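Student: Structure incoming, see below.
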Amino acid sequence: TQSTWGHRDHSIFVFRCLLDRPARCLFSLMDSSDDDASGPKYNPNSDEDIPDDAVGDVKTFVKGGVVKRILETGHGYGKPAKGDEVTVHYVGTLHDGGEQFDSSRDRKEPFTFKLGVGNVIEGWDIVVATMKRGERAMVTIKPEHAYGENGSPPKIPPNATLDFEIELLSFKAVNDLVGDGGIIKTILKDGTGFDKPRPKEEAFLNIIGKLQDGTIFIQEENHKLVVGSDMCLGLEKVITSMKKSEKCRAIIKPQYAYGSTGNDTLQIAPDAELTYELELLSWRKVEDVVRGEVTRTILLDGHGWDSPNEGAFVRVRYTARLEDGTVVDSRFAETVCECTVDEGNLPVALDLAIMKMRKGEKCLVESSAAYAYGKTGNAELNIPPNVSIKFEVELVSFEKSKEEFKLNNEEKLQEIVRRKDVGNKLFKLGRYVDAFNKYEKSNRLFSYEKNIEATTKEEVDKVRLSCYLNMAACKGKLTEWRQVIEYCTKALEIQPSNMKAYFRRGQAHLELTQFEQAKEDLKKALELDPTSGEVKAELKKLQQQLDAYKQKQKKLFGGFLSSNPTALSS
């Protein structure tokens, strides 16, 4: 039968907690040790802790004080948590006698309340937190978790056990993003996937922003925002918590909005509380390729999971622009550029970015000068020295090179020669860091091989020797003299009579004012090649520096130094 109570009466009567006893915390009850051994202990915030339900399943809570029997299973994975706004239909009857005392279905009006904060009787808070959207259950609640010894006259007598048929229609997740109530987010529509925007990424949203009095200060569709830029901290935190296609409402207190200064552009007064309604349509993901030097912003997602590796043959289109938008290279804007990755055919930033792309992907690569055209620029393309470059790149297709672990010894030998040759090309272009890396990768390929044939080992050692000498040359160009010494020493371990290794190591010792070691290495180099003009010139330079050193010492110590103990011996 239809209840004769008014809506106000039923709200106060059925869905209030007892005021004459302290309410126990919902989640403490559910995790407490006094649950029945057969009753599951749920964590409403974790889908993993919740087993799949089936029609007819019976679950008990708080020593049988609340019993739930599933009449119809729900859908999805999420379940409401404390503070969430839930909407249900219900029919309430007395357990003894079956007399109905209230029904939202009869009123044709679903009931909405906030879960776990005492808006409803304790038994409801316990059981609704275990339900999925669309789930319908018969719930029996003993008096200690309903209206207790007082009942709720006139319909519910003292110490009454109650039966409710409850259907969870929906719930809106409410999140306190900073833990102090300063940013309250309510999810109106779940998003998809797992990714979320990060600071510096471009997000596209439908956005409405309101003041407390309802005044709208922004209302835009497909509005582009750079996350973390030109927005308040509260809005940044909300956007970075959203998934694609998610809709939400966020209330942001002044300390996380525009504070005591307000925002003149948006006509927001000081100390204003803001409410945003947001729908995250999409965003452009920004990835660090080289931290602080090269970034990649995806403009169009590629397909598949694979990406080009070092040595892959790729087909790409790209355009290069200065920071002000001036196009400096459009040779391959329409025409496909076919080349091998990481062989010096492209600027380093492009090589590195392409090896992260998927087939069909388009992205914006922003590079510092060091990873673009460097200190020299590119005269042929009219690119000035020391300028940052933006590349728009499309990876049309690619064929990966064979993975290192799949190479046999003959193929590895071919690969180390290839890498050395690429290093030489990069060295001639003045790309000393890239050349060094290529030589290093070449030498690493055979570093763990054992029991290789003598002929192969001889050929490998020849390439490794060349790479170590060239690595020392790279470090010399970069004035990293201790590393020059390190790699020359490695070269001498392979070939103890190598003149270049002694010569370059002697140069490095001289740059570090290590005169005795420099003298020893340069004299050894001269022994190995008595006709070398370079070695003779370096020995002359060494003697001049020793003479200058002697004069300086004389000025400092006067007559204490009567001879030159560091002069070169004949």
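The values are calculated or read from the model by the stated rules, or taken from the named source; none is laboratory data. On a predicted model such as this, the values are computed, not experimentally measured, just so you know. Positions of Cβ are backbone-derived with ideal geometry, glycine not excepted, and every protein chain shown enters the neighbour counts. All accessible areas refer to the heavy atoms of the entire protein, side chains included, with ligands and DNA or RNA removed. Shrake-Rupley method; radii C 1.70, N 1.55, O 1.52, S 1.80 Å.
Student: On the accessible surface of the chain, probed at 1.4 Å, how many percent belong to carbon and sulfur atoms?
Tutor: Roughly 48 percent of what the probe reaches on the chain is carbon or sulfur.
Student: In degrees between 0 and 90, to the nearest 10, how far off the longest principal axis of the chain does helix 515-528 point, with axes built from Cα atoms?
Tutor: Orientation of helix 515-528: about 60 degrees from the principal axis.
Student: Pairs LYS428/LYS540; LYS196/LYS406; LYS172/LYS253: which exceed 31 Å Cα-Cα?
Tutor: LYS196/LYS406
Student: What distance in nm separates the two pseudo spin-label positions at LEU188 and THR240, each 7 Å out from Cα along the beta-carbon direction?
Tutor: Once both label points are built, they end up 2.4 nm from each other.
Student: Then there is this: Among the lysines, which have Cα under 20 Å from the Cα of LYS142 when same-chain residues fewer than 8 positions away are ignored?
Tutor: LYS41, LYS59, LYS63, LYS68, LYS155
Student: Could you check the simple spin-label distance between ASP195 and GLU72, using points 7 Å along Cα→Cβ, in nm with one decimal?
Tutor: Label at ASP195, label at GLU72, 3.8 nm between them.
Student: What FRET efficiency comes out for the pair ASP529/GLU403, r = Cβ-Cβ distance, R0 = 51 Å, nearest 0.05?
Tutor: 0.75
Student: Along each of the three principal axes of the Cα atoms of the range 93-221, give the extent in whole Å, ordering the values from largest to smallest.
Tutor: If we take the Cα atoms of the range 93-221, the spans are 63, 35, 32 Å.
Student: Could you work out [θ]222 nm for the chain from helices alone, using -39500 (n - 2.57) per DSSP H run of at least four and dividing by all its residues? Round to the nearest 500 deg cm²/dmol.
Tutor: Per the formula, -9000 deg cm²/dmol.
Student: Okay, moving on. Could you state the accessible area per residue of the range 331-488 in Å², with a 1.4 Å probe and every protein chain left in place?
Tutor: Accessible area per residue: 52 Å².
Student: Follow-up. Where does helix 432-444 land angle-wise versus the long Cα axis of the chain, in degrees 0 to 90, nearest 10?
Tutor: For 432-444 against the chain, the angle is about 90 degrees.
Student: Rounded to the nearest 0.05, what FRET efficiency is calculated for GLU287 and GLN551 with R0 set to 56 Å and r the Cβ-Cβ distance?
Tutor: 0.45
Student: Work out, step by step, the length gained on full extension between ASP271 and GLU221: first 0.36 nm times the residue separation, then minus their alpha carbon distance; give nm to one decimal.
Tutor: Length difference between fully extended and current span is 15.3 nm.
Student: A further question follows. What do you get for the angle between helix 481-494 and the principal long axis of the chain? Use alpha-carbon atoms, 0 to 90 degrees, nearest ten.
Tutor: Taking Cα atoms only, the helix is inclined about 70 degrees.
Student: Sort 108-120, 239-251 by the packing proxy (mean of other Cβ within 10 Å over each peptide's residues), most packed first.
Tutor: Packing proxy ranking, top to bottom: 239-251, 108-120.
Student: Measure off 7 Å from each Cα along the Cα-to-Cβ vector at GLU323 and ASP461, then give the distance between these two points in nanometres to one decimal.
Tutor: Roughly 5.2 nm, to one decimal.
Student: Let me ask something additional. Would you check the accessible area of GLU221, probe 1.4 Å, heavy atoms only, in square angstrom rounded to 10?
Tutor: For GLU221, solvent-accessible area is about 150 Å².
Student: From the P(r) of the chain, could you give the percentage of C-alpha pairs in the tail past 42 Å?
Tutor: 53
Student: Taking the range 428-545 as the region of interest, what is the percent of Cα-Cα pairs per 5 angstrom bin, listed from the shortest bin to the one with the maximum distance?
Tutor: Pairs per bin, as whole percents: 2, 12, 21, 20, 19, 13, 9, 4, 1, 0.
Student: Return the equivalent ellipsoid semi-axes of the range 170-308 as a descending list in whole Å, where each equals the square root of 5 times an eigenvalue of the C-alpha gyration tensor.
Tutor: Output for the range 170-308: semi-axes of 28, 18, 14 Å.
Student: Further, regarding this structure: Highest mean first, what order results for 460-467, 263-270 on Cβ atoms within 10 Å?
Tutor: My ranking of the peptides, most packed first, is 460-467, 263-270.
Student: Where does each of 383-392, 525-534 land if you order them by average Cβ count within 10 Å, highest first?
Tutor: 383-392, 525-534
Student: Given a 1.4 angstrom probe, what's the average accessible area per residue across the range 144-232, in square angstrom?
Tutor: Spelled out: the 1.4 Å probe surface of the range 144-232, per residue, equals 52 Å².
Student: Hey, which lysines would be in cross-link range of LYS541, C-alpha to C-alpha under 17 Å, not counting anything within fewer than 8 residues on its own chain?
Tutor: Excluding near neighbours in sequence, the set is LYS519, LYS523, LYS524, LYS550, LYS552.
Student: Same structure, new question: Using the structure shown, list the pairs from LYS362/LYS441; LYS82/LYS244; LYS441/LYS536 with a Cα-Cα distance above 26 Å, or answer none.
Tutor: Where the Cα-Cα span goes over 26 Å, the pairs concerned are LYS362/LYS441; LYS441/LYS536.
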